[in-house]
């Protein structure tokens, strides 16, 4: 069955097929953002200046968020007649400490500044300038990179899984996970590295 747009009756539009195409395109973009969350390594977001719309989608999928003190944020989609569709509405209420606040900024599209983002737990640290922001993020990344990649990957996987499941389901996963991962050489390597003050002496994952 064909339908016609009210603007031009001579141009048929198959809404079902157009909808299938658009859904596929949106799903593709969603998976691009999801790939950040699924990455086996922790991802650190550094925000300097404005972070709007899709920028919020991206950084909510990151493990850790830093920003400069001049940064500002906005869930902007509602201002263009759109419900955010790449993860903000699903992730933001889970990464901040107030569901009410998350709903407020999503419904109003208002800007919120670095201090407010820090207050609600949207970012974990703010820095005075771009240089300090990048330096501190790099220090954190190097600190994490010096840990067992097996332990870091397992920790990230468990944190993501437990966010969306019950405590008992998370514990069940962890017992199964560690029954395998405890057989890796990383525990002995970690003990040896600690004893001899070595950093990052682990086999690649």
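The values are calculated or read from the model by the stated rules, or taken from the named source; none is laboratory data. The structure displayed is predicted, hence computed values, not measured ones. A quick note on method: Cβ atoms are made from the backbone with ideal geometry, for glycine too, and the neighbour counts reach across all protein chains shown.
Kindly establish whether residue 150 is in contact with a strand residue (DSSP E or B) (Cβ under 7 Å, 6 or more places away or on another chain) and assigned to a helix (DSSP H, G or I). Criteria not met by residue 150. Filtering 184, 203 for residues that are surrounded by 15 or more Cβ atoms within 10 Å (Cβ to Cβ), in contact with a helix residue (DSSP H, G or I) (Cβ under 9 Å, 6 or more places away or on another chain), in a loop (DSSP other than H, G, I, E, B) and at pLDDT below 90 leaves a single hit, 184.
For region 57-85, the candidate set comprises residues that are in a strand (DSSP E or B) and farther than 18 Å from residue 34 by Cβ; within that set, the residue that is nearest to the chain's Cα centre (by Cα) is 66. Within region 64-79, the set of residues being surrounded by fewer than 18 Cβ atoms within 10 Å (Cβ to Cβ) and either under 23 Å from residue 131 (Cβ atoms) or in contact (Cβ under 8 Å) with a residue 60 or more places away in the chain (or both) comprises 64, 69, 70, 72. Annotation: of all residues in region 26-56 being farther than 24 Å from residue 118 by Cα and not in a helix (DSSP H, G or I), the one that is modelled with the lowest pLDDT is 40.
Evaluating residue 127 against the criteria (1) under 30 Å from residue 53 (Cβ atoms); (2) at pLDDT below 95 leaves one unmet condition, (2). When we screen 103, 91 for residues that are part of a helix (DSSP H, G or I) and free of Cβ contacts under 8 Å to residues at least 12 places away in the same chain, the only hit is 103.
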